[in-house]
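Read the structure below first, then the notes.
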Amino acid sequence: MKNIRSKISPTVGTDKNCAFDVNSYERHCANGYSKFSTDRVRAALAHCQPTVVSEFIEKLHQGMPAGVKQQLRVLCSMCALNTLKKHLGDFLATGCISASHLSKLHLPMISLDVCSLRFASIQFALVDAFNYTDHSLGSLYEEAWKDPLNESVMPEGYHEYIRPMLEQQVLRSRLRL
């Protein structure tokens, strides 16, 4: 994992440079700390973010159900791509990526299966907010589809009553324009 961390860290060596710069202010250490506080924060982020991504990747290789693993893989990819986009200047400045890679950067984010992730995030929110287990939510979802009202996507009478009313409202709103 150290290899991954060193490859995805945007400011490799920033923490060493920052420590050297602070130590150069030996007489007035407080001035050194205040002057280089933003560099220290960036160095801390440069250390923590690759660690989070690499730990995320490492946990994906451990045993877990296939459905959970797929959703976590999408989340991990989104996390890594978001980190890359957020700190793009640092990656470019240190030479971790080149300008030719910029055009290819947004394509992986588009290709991620975000629609299935939305459904999973709703389940995660219910699990977190109301302390429902995944098992009970899964069985609740299955039971809801067994209900006769959910046999079709559109309820009875939609095409007869509701759709004409909606179309009429759209026509009226267009006439007002």
Arrange 54, 139 by Cβ neighbour counts within 10 Å, fewest through most, would you?
139, 54
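What shape does the range 39-88 have by the C-alpha gyration tensor, where a ≥ b ≥ c are the square roots of the eigenvalues, rounded means a/c under 1.5, and otherwise prolate means a/b greater than b/c and oblate the rest?
Numbers: a/c = 5.00, a/b = 2.10, b/c = 2.38.
It comes out oblate by the Cα gyration axes.
Please report 37, 152 as a ranked list, fewest other C-beta atoms within 10 angstrom at the top and most at the bottom.
Working: 37 12, 152 9.
So the residues, fewest neighbours to most, are 152, 37.
Each reported figure results from applying straightforward, stated rules to the coordinates on display, with no laboratory input. Predicted, not measured: the structure shown is a model, and the values here were computed from it. Here the Cβ is made from the backbone with ideal geometry for all residues, glycine too, and neighbour counts use every protein chain on show.
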